[in-house]
Ligand code: AKB
């Protein structure tokens, strides 16, 4: 197994990878991608609860871990001696708005616990996801630049912005190789998101394939940055495997792929399923969406470590529908 930063294989002893928050939308897919890349038994999946479908994380170790429990984390790090930690556990935007103090505690204390443990145990690399939620209503909405006015107005966004600054601080003060991406809304067929503002963009495909109509919680013309899961996995692994000197941004990189509205998503699906209908009933999540960028300028990621997405809306729709239909028949 070869790990990032050009380390030779012999230096990786025992060299596992720990994924915290492994049962979430991204975690399930990232564990599978890492297990394809490395030896599966070296990729340790951890979450506060076991997976709903154990098959999804079969093929490698699973450990129960509440990321707020530092002594349990220390124990797992001593047991598996990870070279890399992917720390994904968080409350997303809509859920954190409903439970602000716990959202702050999980998102902020969880990150600080992981960063402290990484320094204490000499873990080589940490990955931590940020989000387009770091931007707010004062931010330029179109082609939002890497460096601009932020002023997020959600608990989730405030925690992500503070977290970015902590990542940069641990890099500067402790030399910790911590890397991060500002994900747009992520769309995949293998698992459902939970508690986000961009979740409609996944739900809509499930309803379409089930032969049902969809009631969307955002207005039809709400444009948001989005990304198909294979691109998100590619970006994450490419970032983590880029030579350290290429990583110039130690807060978090803007990352873009496509931008679309619920109406454009519906139209893309209707090209395959003409009878599919969508109605619109915006709820509290509309306000969150309205405070976020419509599209992202990710020139810095492209320039520093060669980021390039593969999927646009129609290509993603064709792939999503194909896989969801296959899963329905299985
Ligand atoms: C959410 O909607 O909260 C997330 C995000 C954009 O970070 N998907």
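Would it be correct to say that residue 171 is in the same structural domain as residue 26 (by TED's automatic domain parsing) and within 30 Å of residue 83 (Cβ to Cβ)?
Yes.
For segment 69-162, which helices (runs of 4 or more DSSP H) that fit wholly inside it have 3 or more residues that are within 16 Å of the ligand (Cβ to nearest atom) and either in contact (Cβ under 8 Å) with a residue 24 or more places away in the chain or surrounded by 17 or more Cβ atoms within 10 Å (Cβ to Cβ) (or both)?
Output list reads 93-98, 100-104.
Can you give me the number of residues within segment 291-311 that are under 18 Å from the mean Cα position of the chain (by Cα), within 15 Å of residue 232 (Cα to Cα) and in contact (Cβ under 8 Å) with a residue 24 or more places away in the chain?
Looking only at that region, the number is 7.
Counting only residues that are in a helix (DSSP H, G or I) and touching a helix residue (DSSP H, G or I) at 6+ places or on another chain (Cβ under 6 Å), how many does segment 266-301 have?
4
Of all residues in segment 103-134, how many are over 24 Å from residue 198 (Cβ atoms) and within 16 Å of the chain's Cα centre (by Cα)?
So the count comes out to 1.
Select from segment 244-265 the residues that are out of contact with any helix residue (DSSP H, G or I) (no Cβ under 7 Å at 6 or more places or on another chain) and touching a residue at least 24 places away in the same chain (Cβ under 8 Å) and list them in ascending order.
Within segment 244-265, 244, 256, 259, 261, 263 meet the criteria.
Hey, any hits in segment 280-298 for a residue that's more than 16 Å from the ligand (Cβ to nearest atom) and crowded, with 19+ Cβ neighbours inside 10 Å?
Among the residues of segment 280-298, not one is more than 16 Å from the ligand (Cβ to nearest atom) and crowded, with 19+ Cβ neighbours inside 10 Å, which makes the answer no.
Among the listed residues 304, 314, identify the single one that is within 27 Å of residue 149 (Cα to Cα) and either outside the structural domain of residue 29 (by TED's automatic domain parsing) or not in a helix (DSSP H, G or I) (or both).
304
The values are calculated or read from the model by the stated rules, or taken from the named source; none is laboratory data. In this text, all values refer to a predicted model and were calculated from it rather than measured experimentally. Cβ: placed from backbone, ideal geometry, glycine included. Neighbour counts: every protein chain shown.
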